[in-house]
Amino acid sequence: MRILVTGASGLLGASVCRALCVSGHHAIGTYRSHQGPFPFPVERVDLRDETAVGLLVAQLRSECIIHCAALSRVIECEREPEAALAHNVLATRILAEYAERIGAHFIYLSTDQVFDGLSGDHAEHDLPAPTNAYGHSKAMAERIVQETCKPSLILRSNNIVGRTSGFGRSFTDGLLESLQNGENVTLFNDQTRSPIHLSVMTELIVRLVRERVTGILHAGGPERLSRYETGLRLARAYGFPEHHIRSVSVATHPDQRFLHRDGTFNTTKLRLLYPDLGNEPIDSGFCADAARG
Ligand SMILES: NC(=O)c1ccc[n+]([C@@H]2O[C@H](COP(=O)([O-])OP(=O)(O)OC[C@H]3O[C@@H](n4cnc5c(N)ncnc54)[C@H](OP(=O)(O)O)[C@@H]3O)[C@@H](O)[C@H]2O)c1
């Protein structure tokens with residue numbers, strides 16, 4: 001299948017683009033500022049540039065477009081709300097309109113941050129209620145995709161963890177680096193998520209592409225873990241002493257008003273669709289990463 005993956009210089013896009021190529025698809029990634037090199041075919045495009053996007057989509061005529069590109073950091077979006085709107089909303093509008101013209105299956109990567117993050121257990125039928133600039137921009141983009149593209153999937157991801165390979169950076173990449181250097185780290189004990197391993201998220205997208213799944217789907221792991229608990233699991237998988245990890249409250253963070261306490265997902269739908277992926281504990285991914293060295 002001909003597939004376009006935006007944000008292929010990022011954490012998720014790179015992993016997905018690589019996996020699709022390995023599975024025999026004709027996948028092409030896009031990037032904006034990354035220097036490469038890339039282990040898959042790429043095109044450089046700024047997705048805010050309507051003319052450039054139009055040319056690319058018309059040239060590739062992809063059967064599926066996986067839109068991973070975004071300004072994806074909560075604090076960065078809060079500091080630069082105009083940039084969040086341009087990269088997350090305008091770029092999505094442009095891409096979605098061209099995707100609709102060629103009838104491509106459009107998969108939009110969204111986030112738990114479209115909810116208020118107060119009580120968690122967010123399900124697919126819950127209405128978005130964003131409280132920060134990032135969440136607002138992603139919720140706006142979701143609506144645009146739903147209104148513009150007929151065969152579309154809103155794939156909301158929870159915190160993606162695990163080893164990346166030179167593209168993007170997960171929360172556990174930084175943590176692992178600190179533990180390897182014998183440094184102490186502090187992690188929030190009252191910020192809870194449903195972390196999902198990068199390998200699981202990647203395999204999920206490969207299957208969703210193949211089966212042309214549409215609608216809304218929440219992608220999260222089966223466990224509800226604080227960042228602190230996630231950190232302890234990572235340390236155990238790699239055999240690092242746990243005493244280097246200390247727990248603090250999210251209330252100690254200067255920007256804590258933008259940080260959600262409970263962004264956990266209800267993953268019933270995922271576990272029904274793909275029991276093997278939806279029930280995979282986070283330890284399995286960490287242990288596989290550690291075994292690879
Ligand atoms: N990572 C997570 O834990 C997580 C959790 C929930 C949802 N998500 C969602 O999943 C998606 C992927 O996240 P990620 O962590 O992989 O992101 P990331 O590592 O921050 O990568 C962002 C990507 O977007 C590209 N990009 C940004 N603005 C662009 C523009 N105007 N034109 C072209 N490319 C642009 C970047 O290109 P350059 O670097 O080349 O400039 C980069 O490839 C995002 O939609 C995010 O909202 C991620």
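The values are calculated or read from the model by the stated rules, or taken from the named source; none is laboratory data. Worth saying up front: this structure is predicted, and the values here are computed from it rather than measured. All Cβ positions, even for glycine, are placed from backbone atoms using ideal geometry, and neighbour counts span all protein chains on display.
Show the residue pairs meeting these rules: Cβ distance below 7 Å; 6+ apart or different chains; first residue within region 85-112 and of a type in the set (D, E, K, R); second residue outside any strand (DSSP E or B) and within 14 Å of the ligand (Cβ to nearest atom).
Between residues of region 85-112 that are of a type in the set (D, E, K, R) and residues that are outside any strand (DSSP E or B) and within 14 Å of the ligand (Cβ to nearest atom), the close pairs are R93/I144; D112/N158; D112/G263.
Results for (1) out of contact with any Asp or Glu (no Cβ under 9 Å at 6 or more places or on another chain); (2) in contact (Cβ under 8 Å) with a residue 24 or more places away in the chain; (3) not assigned by TED's automatic domain parsing to the domain that holds L153, shown as yes or no for each residue.
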position: V200; (1), (2), (3): no, yes, no
position: T214; (1), (2), (3): yes, yes, no
position: G231; (1), (2), (3): no, yes, yes
position: A235; (1), (2), (3): no, yes, yes
position: P241; (1), (2), (3): yes, no, yes
position: R246; (1), (2), (3): yes, yes, yes
position: H253; (1), (2), (3): yes, yes, yes
position: L272; (1), (2), (3): yes, no, yes
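Taking the residues in region 160-204 that are of a type in the set (G, A, S) and surrounded by fewer than 22 Cβ atoms within 10 Å (Cβ to Cβ) as candidates, determine which candidate is farthest from P275 (Cα to Cα). Outline the logic, then answer.
Residues of region 160-204 of a type in the set (G, A, S): 162, 165-166, 168, 170, 174, 178, 182, 194, 199.
With the extra rule that they be surrounded by fewer than 22 Cβ atoms within 10 Å (Cβ to Cβ), the set shrinks to 165-166, 168, 170, 174, 178, 182, 199.
Numbers: S165: 27, G166: 30, G168: 28, S170: 25, G174: 30, S178: 34, G182: 37, S199: 15 Å.
Looking at residues that are of a type in the set (G, A, S) and surrounded by fewer than 22 Cβ atoms within 10 Å (Cβ to Cβ), I get G182.
What are the pairs, 6+ residues apart or on separate chains, where a residue within region 52-81 that is over 25 Å from Y134 (Cβ atoms) has its Cβ under 9 Å from a residue that is among the aromatic types (F, W, Y)?
Every condition considered, the pairs that remain are G54/Y98; L56/Y98; V57/Y98; A58/Y98; C64/F106.
Could you list, in sequence order, the residues of region 23-39 that are buried (at least 17 other Cβ atoms within 10 Å of the Cβ) and part of a loop (DSSP other than H, G, I, E, B)?
H25, R32, H34, F38
Of the conditions (1) of a type in the set (A, V, I, L, M); (2) surrounded by fewer than 22 Cβ atoms within 10 Å (Cβ to Cβ); (3) within 11 Å of the ligand (Cβ to nearest atom); (4) within 18 Å of the chain's Cα centre (by Cα), A84 satisfies every one except a single condition; which number is it?
(2)
Tell me which residues, restricted to region 23-36, are more than 8 Å from the ligand (Cβ to nearest atom) and either at pLDDT 95 or above or not assigned by TED's automatic domain parsing to the domain that holds R93 (or both).
S23, G24, H25, H26, A27, I28, G29 - these are the residues of region 23-36 that are more than 8 Å from the ligand (Cβ to nearest atom) and either at pLDDT 95 or above or not assigned by TED's automatic domain parsing to the domain that holds R93 (or both).
Where in region 196-293 are there helices (runs of 4 or more DSSP H), lying fully within it, with 2 or more residues that are over 21 Å from the mean Cα position of the chain (by Cα)?
227-238, 282-292
If you scan region 148-169, which residues turn out to be small (G, A, S), closer than 15 Å to I216 by Cα and more than 7 Å from the ligand (Cβ to nearest atom)?
First, the residues of region 148-169 that are small (G, A, S): 152, 157, 162, 165-166, 168.
Add one more test, that the residue is closer than 15 Å to I216 by Cα, and what stays is 152, 157.
Of everything in region 148-169, just one residue is small (G, A, S), closer than 15 Å to I216 by Cα and more than 7 Å from the ligand (Cβ to nearest atom), namely S152.
Taking R292 as the residue in question, decide whether it is surrounded by fewer than 22 Cβ atoms within 10 Å (Cβ to Cβ) and either in the same structural domain as A104 (by TED's automatic domain parsing) or more than 16 Å from F171 (Cα to Cα) (or both).
In short, yes.
Within region 170-207, which residues are within 14 Å of the ligand (Cβ to nearest atom) and among the polar types (S, T, N, Q)?
Once the filter is applied, which keeps residues that are within 14 Å of the ligand (Cβ to nearest atom) and among the polar types (S, T, N, Q), region 170-207 yields S170, T172, Q191, S194, S199, T202.
Please work out which residue is farthest from the ligand (Cβ to nearest atom), limiting yourself to region 99-116 and to residues that are more than 18 Å from the chain's Cα centre (by Cα) and either surrounded by fewer than 19 Cβ atoms within 10 Å (Cβ to Cβ) or closer than 14 Å to L155 by Cβ (or both).
Checked region 99-116; the qualifying residue farthest from the ligand (Cβ to nearest atom) is G103.
Inside region 115-126, can you point out the residues that are of a type in the set (A, V, I, L, M) and touching a Phe, Trp or Tyr at 6+ places or on another chain (Cβ under 9 Å)? First the steps, then the outcome.
First pass over region 115-126, keeping only residues of a type in the set (A, V, I, L, M): 118, 123.
Hit for region 115-126 is A123, nothing else.
Among the candidates L4, L55, L20, which residue alone is touching a strand residue (DSSP E or B) at 6+ places or on another chain (Cβ under 6 Å), more than 10 Å from the ligand (Cβ to nearest atom) and outside any strand (DSSP E or B)? Working first, answer last.
Details: L4 fails: outside any strand (DSSP E or B); L55 fails: touching a strand residue (DSSP E or B) at 6+ places or on another chain (Cβ under 6 Å).
Selected residue: L20, the only one of L4, L55, L20 that is touching a strand residue (DSSP E or B) at 6+ places or on another chain (Cβ under 6 Å), more than 10 Å from the ligand (Cβ to nearest atom) and outside any strand (DSSP E or B).
Quick one: in region 55-81, which of the residues that are more than 22 Å from S137 (Cα to Cα) and touching a helix residue (DSSP H, G or I) at 6+ places or on another chain (Cβ under 6 Å) is surrounded by the fewest Cβ atoms within 10 Å (Cβ to Cβ)?
Selected residue: R61.
Report yes if R93 is within 21 Å of the chain's Cα centre (by Cα), near the ligand (Cβ under 9 Å from one of its atoms) and surrounded by fewer than 22 Cβ atoms within 10 Å (Cβ to Cβ), otherwise no.
no
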